[in-house]
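Encoded as structure tokens, the structure appears first; notes follow it.
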Amino acid sequence: EPEVTQTPSHQVTQMGQEVILRCVPISNHLYFYWYRQILGQKVEFLVSFYNNEISEKSEIFDDQFSVERPDGSNFTLKIRSTKLEDSAMYFCASSPLGGNEKLFFGSGTQLSVL
Amino acid sequence: RKEVEQDPGPFNVPEGATVAFNCTYSNSASQSFFWYRQDCRKEPKLLMSVYSSGNEDGRFTAQLNRASQYISLLIRDSKLSDSATYLCVVPNTGGFKTIFGAGTRLFVKA
């Protein structure tokens, strides 16, 4: 069964450093997403991406965040200058049609900012 | 009303019990609804989709009440392996944002 893959599974970084989280969505899916989940809290929407551009973003997704689909298969989330409060599990997801369709999630990257 | 609101839980039930979770949503125009299951520190996994009045899959039944903007999930004959957090999920109408409820934690005990 096709799956969304994310790397790395764990990332430890120092405050102020840049991190790039990587995702390979399911190959025939057209819509891509990043979510985050701070320990003990709910899953929060960050950004959606379609047709090589951001289609929607949340208030969390400020200028420190960016997304890119550099080569037609990878989908990356970059955090330019990490803060302690960026520590969370980051989930990538994809869906074939977007909108009201179900999401397929990767297994997540646990980001720890020290 | 919050966009998606769930019973806070936790629910502690014995094996074999029937348990029901409730979820309310604020956007009356929402057309589809989902229940996901999340195990500790794992990704959410789709349990059921609900597009009309309800859906049934084995021991799991989801019901939708559009008038009351309410979705429920019923689990019959609970198993130890059902222990998880159950997430009520509502896509944003016309957009690309999906709203997750805070989840209801279920513990099934032998």
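The values are calculated or read from the model by the stated rules, or taken from the named source; none is laboratory data. Bear in mind that the values here come from a model prediction, so they are computed numbers and not experimental data. Positions of Cβ are backbone-derived with ideal geometry, glycine not excepted, and every protein chain shown enters the neighbour counts.
Count, please, the residues in segment B:64-88 that happen to be touching a residue at least 40 places away in the same chain (Cβ under 8 Å), among the aliphatic types (A, V, I, L, M) and touching a Ser or Thr at 6+ places or on another chain (Cβ under 6 Å).
1
Which residue pairs have Cβ atoms closer than 7 Å, lie 6 or more positions apart in sequence or on different chains, and pair a first residue in segment B:2-16 that is small (G, A, S) with a second residue that is surrounded by 15 or more Cβ atoms within 10 Å (Cβ to Cβ) and assigned to a loop (DSSP other than H, G, I, E, B)?
As it stands, the answer is B:G16/B:S78, since those pairs meet every condition given.
Give the number of residues within segment A:1-23 that are touching a Leu at 6+ places or on another chain (Cβ under 9 Å) and either in a strand (DSSP E or B) or more than 17 Å from A:M89 (Cα to Cα) (or both).
Within segment A:1-23, residues that are touching a Leu at 6+ places or on another chain (Cβ under 9 Å) and either in a strand (DSSP E or B) or more than 17 Å from A:M89 (Cα to Cα) (or both) number 11.
Restricting to segment A:24-74, give me the number of residues that are outside any loop (DSSP other than H, G, I, E, B) and away from chain B (no Cβ under 14 Å).
Of the residues in that region, 4 qualify.
Name the residues in segment B:33-74 that are over 25 Å from A:Y90 (Cβ atoms) and in a loop (DSSP other than H, G, I, E, B), would you?
Selection gives B:Y51, B:S52, B:S53, B:G58, B:R59, B:R66, B:A67, B:S68, B:Q69.
Name the residue, out of A:R22, A:R36, that is among the charged types (D, E, K, R), modelled with pLDDT of 95 or more and within 17 Å of B:V89 (Cα to Cα).
Numbers: A:R22 fails: within 17 Å of B:V89 (Cα to Cα).
Of A:R22, A:R36, the one residue that is among the charged types (D, E, K, R), modelled with pLDDT of 95 or more and within 17 Å of B:V89 (Cα to Cα) is A:R36.
Can you spot a residue in segment B:56-69 that is within 14 Å of chain A (Cβ to nearest Cβ), touching a strand residue (DSSP E or B) at 6+ places or on another chain (Cβ under 6 Å), surrounded by 14 or more Cβ atoms within 10 Å (Cβ to Cβ) and of a type outside the set (V, I, T)?
Checking segment B:56-69: at least one residue is within 14 Å of chain A (Cβ to nearest Cβ), touching a strand residue (DSSP E or B) at 6+ places or on another chain (Cβ under 6 Å), surrounded by 14 or more Cβ atoms within 10 Å (Cβ to Cβ) and of a type outside the set (V, I, T).
Would you check if A:R80 is touching a residue at least 40 places away in the same chain (Cβ under 8 Å), out of contact with any helix residue (DSSP H, G or I) (no Cβ under 9 Å at 6 or more places or on another chain) and surrounded by fewer than 20 Cβ atoms within 10 Å (Cβ to Cβ)? Even if it seems obvious, please write down each step before you answer.
Details: touching a residue at least 40 places away in the same chain (Cβ under 8 Å): yes; out of contact with any helix residue (DSSP H, G or I) (no Cβ under 9 Å at 6 or more places or on another chain): yes; surrounded by fewer than 20 Cβ atoms within 10 Å (Cβ to Cβ): yes.
Yes, satisfied.
How many residues does segment B:17-44 contain that are modelled with pLDDT of 95 or more, at the interface with chain A (Cβ under 9 Å from one of its Cβ atoms) and exposed (fewer than 15 other Cβ atoms within 10 Å of the Cβ)?
0
When you check B:A102 against the structure, is it closer than 20 Å to B:P8 by Cα and part of a loop (DSSP other than H, G, I, E, B), yes or no?
Against the criterion (closer than 20 Å to B:P8 by Cα and part of a loop (DSSP other than H, G, I, E, B)), B:A102 qualifies.
Looking at A:S94, is it surrounded by fewer than 16 Cβ atoms within 10 Å (Cβ to Cβ), out of contact with any Lys or Arg (no Cβ under 8 Å at 6 or more places or on another chain), in a strand (DSSP E or B) and within 14 Å of chain B (Cβ to nearest Cβ)? Before the answer, list the steps.
Values: surrounded by fewer than 16 Cβ atoms within 10 Å (Cβ to Cβ): no; out of contact with any Lys or Arg (no Cβ under 8 Å at 6 or more places or on another chain): yes; in a strand (DSSP E or B): yes; within 14 Å of chain B (Cβ to nearest Cβ): yes.
Spelling it out, it is not the case that A:S94 is surrounded by fewer than 16 Cβ atoms within 10 Å (Cβ to Cβ), out of contact with any Lys or Arg (no Cβ under 8 Å at 6 or more places or on another chain), in a strand (DSSP E or B) and within 14 Å of chain B (Cβ to nearest Cβ).
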